[in-house]
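Scroll down for the structure; my scribbles are underneath it.
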Amino acid sequence: MATTRARFSPRRKALLAFFVLLLAALAYLHFTGAAGTSGITNKDMDWNGDGKVTEQEIMQAFYAVVVEKHTEGRRECRSYAWRSDGTSIRVDCRTTVAADPAPAQ
């Protein structure tokens, strides 16, 4: 007895395609260094420095602002810049309490 498997309905295929495309878009944004996928909170997305975070600034975190991470010993810095021309917006640095890595022998 051979049983046949029910095929995906067109609605399920469209939903699956949507989620695959959404996941691919998020992976691309993360790979290119978009600030919105780097763990920045909404309150830190004030790109123009006026003290208010608007919906436009939150959206800019995904398509217009990139972040570059630097680590020097215990100091971790994130520099935010515009994707189009590389103009720096700001640099956030913090010192971690983690132990220094052991020296290579």
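For the chain, which whole-number percentage of the solvent-accessible area (1.4 Å probe, protein heavy atoms only) is attributable to carbon and sulfur atoms? Can you show the working numbers first?
On the way: 5090 of 8720 Å².
Within the chain, the accessible surface is 58 percent carbon and sulfur.
Taking amide H positions as placed in the peptide plane 1.01 Å from N, state which residues far from V65 in sequence (5 or more) or on other chains have amide H under 5 Å from it.
A35, R83
Would you mind getting the accessible area per residue of the chain, heavy atoms of the protein chains only, 1.4 Å probe, in Å²? All intermediate terms of the calculation are to be shown ahead of the outcome.
Working: 8720 Å² over 105 residues.
For the chain, the solvent-accessible area averages 83 Å² per residue.
Any idea what log10 I(q)/I(0) is at q = 0.13, 0.19 Å⁻¹ for the chain, Debye with uniform C-alpha scatterers and no solvent?
The Debye formula, applied to the Cα set alone, gives -0.65, -1.00.
As a test of the formula, what do you get for the chain when each DSSP H run with n ≥ 4 contributes -39,500 (n - 2.57) and the sum is divided by the residue count, at 222 nm and rounded to the nearest 500 deg cm²/dmol? Don't skip to the end; give the middle numbers.
Values: 2 runs with 32 residues, N = 105.
Helix-only estimate at 222 nm: -10000 deg cm²/dmol.
Would you kindly derive the ³J(HN,Hα) couplings of region 73-82 from the backbone phi angles with the Karplus curve 6.51 cos²θ - 1.76 cosθ + 1.60 (θ = phi - 60°), listing them in order in whole Hz, with x for Gly and Pro?
Those phi angles translate into x, 8, 9, 10, 10, 10, 10, 9, 9, 6 Hz.
May I ask you to evaluate 6.51 cos²θ - 1.76 cosθ + 1.60, the Karplus curve with θ = phi - 60°, for each residue of region 26-42 and list the ³J(HN,Hα) values in order in whole Hz, giving x for glycine and proline?
Result, rounded to whole Hz: 5, 5, 4, 4, 5, 5, 8, x, 4, 5, x, 9, 9, x, 6, 7, 4.
Lys and Arg at +1, Asp and Glu at -1: add these up for the other residues within a Cβ distance under 11 Å of C77 and post the number. List each step's numbers first, then the result.
Values: positive: K69, R75, R78, R90, R94; negative: E68, E72, E76, D92.
The answer is +1.
Where in region 60-96 does the amide nitrogen come within less than 14 Å of the point 7 Å from the Cα of Y28, taken along Cα to Cβ?
63-64
The values are calculated or read from the model by the stated rules, or taken from the named source; none is laboratory data. On a predicted model such as this, the values are computed, not experimentally measured, just so you know. Cβ: placed from backbone, ideal geometry, glycine included. Neighbour counts: every protein chain shown. Ligands, DNA and RNA are stripped out before the accessible areas are found, and what is left, the full protein with its side chains, is counted by its heavy atoms. Shrake-Rupley method; radii C 1.70, N 1.55, O 1.52, S 1.80 Å.
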